[in-house]
1. Within the range 171-184, track down each residue that is free of Cβ contacts under 8 Å to residues at least 60 places away in the same chain and under 15 Å from A245 (Cα atoms).
2. Has the range 130-151 got any residue that is part of a helix (DSSP H, G or I), surrounded by 11 or more Cβ atoms within 10 Å (Cβ to Cβ), in contact (Cβ under 8 Å) with a residue 12 or more places away in the chain and not aromatic (F, W, Y)?
3. Have a look at A159, A168 and point out the one that is buried (at least 19 other Cβ atoms within 10 Å of the Cβ), within 20 Å of A243 (Cα to Cα) and without any contact (Cβ under 8 Å) to a residue 24 or more places away in the chain.
4. Give the range 238-253 a look and list any residue that's out of contact with any helix residue (DSSP H, G or I) (no Cβ under 7 Å at 6 or more places or on another chain) and under 11 Å from R161 (Cβ atoms), or say none.
Amino acid sequence: MKTLNEQQRVVELELQQARYEASLAERRYAACDPDNRLIAAQLEKSWEAALRRVQDCEARLESINTPASGAATPDFVGLAEDLQAAWNAPGVTMRARQQLTRTLITNIVADIDEKNREVILTIHWQGGQHSQLRVRKPKSGEHGCRTPDEALAVIRSMASRWSDQDVAASLNRMGMRSGQGKTWTASRVSSLRRVHGIHAYRSAQKNGEWVTMTEAATQLGVTNHVIRRLIKDRILAAEQVVADAPYQIRARDLQSEDVTAAIARKHRPCRVDAQGQLPMFTGTSGGGAQ
């Protein structure tokens with residue numbers, strides 16, 4: 001908030017600039033050929049506009065230098081008693097709270113207590129009183145953009161079995177966001193794992209006990225849609241580390257009798273010739289019409 005002297009100095013500079021522009025407009029009007037009425041009229045309008053700006057600056061400067069009659073120093077005693085009610089009153093905007101804060105507080109001095117890792121704020125109020133507030137000092141690298149605990153738990157659960165790309169895709173399907181409110185990528189998952197010391201998935205260590213949906217479909221010679229249908233119908237057992245995570249299937253379950261029978265049914269031809277069924281067109285049966 002600007003002090004009274006600062007406001008006066010700003011208006012004085014604006015008045016000085018306005019007077020210069022008015023003088024320049026007057027000289028241009030005087031140097032104009034009177035017979036050129038169009039140009040002369042335009043220059044006269046510019047001169048009048050410059051004079052109005054001078055008058056406006058002079059009026060503003062006069063209002064600053066002349067205090068309003070009957071003005072008195074605000075009484076903050078009653079406000080101090082109802083400060084909480086005024087702050088939390090319905091309809092109070094953040095701008096109004098900021099103005100109230102600037103009105104009540106002269107300045108704030110900050111100091112650091114390294115031993116207790118605290119920031120000490122000394123608040124100087126209008127009227128000479130002051131109070132002290134201690135706030136915990138954030139650690140190095142600590143900030144408000146913190147990854148949600150739910151997302152961190154999903155990464156911990158999936159990291160040992162799934163790649164960073166799969167983990168990122170699962171987090172995005174769940175509608176979770178990073179600490180900065182962004183969608184997940186493999187690089188962001190990898191960076192977060194390193195910060196929290198979470199070991200990564202390594203495909204070279206895979207022993208074949210578990211397979212993905214795509215790997216299961218490849219082994220059985222079907223599509224992912226067929227595998228998903230078998231899981232939905234509870235014919236093929238599958239696990240998820242967390243909800244909406246990719247399915248994990250035990251390799252030995254692919255050879256179960258139920259799965260084998262279901263795959264055989266799906267590979268069976270759709271057209272079956274029934275015994276004793278009459279042909280629709282009798283002329284084409286038995287080698288042709290006689």
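Computed from the coordinates by the stated procedures, all read-outs in this text should not be read as laboratory data. The shown structure was predicted, so the numbers you read here are calculated from the model rather than taken from an experiment. Heads up, the Cβs are rebuilt from the backbone with ideal geometry, glycines too, and the neighbour counts pull from every protein chain shown.
1. L171, N172, G175, M176, W184
2. Yes, some residue in the range 130-151 is part of a helix (DSSP H, G or I), surrounded by 11 or more Cβ atoms within 10 Å (Cβ to Cβ), in contact (Cβ under 8 Å) with a residue 12 or more places away in the chain and not aromatic (F, W, Y).
3. Criteria check complete, one pass: A168.
4. E239, Q240, Q248
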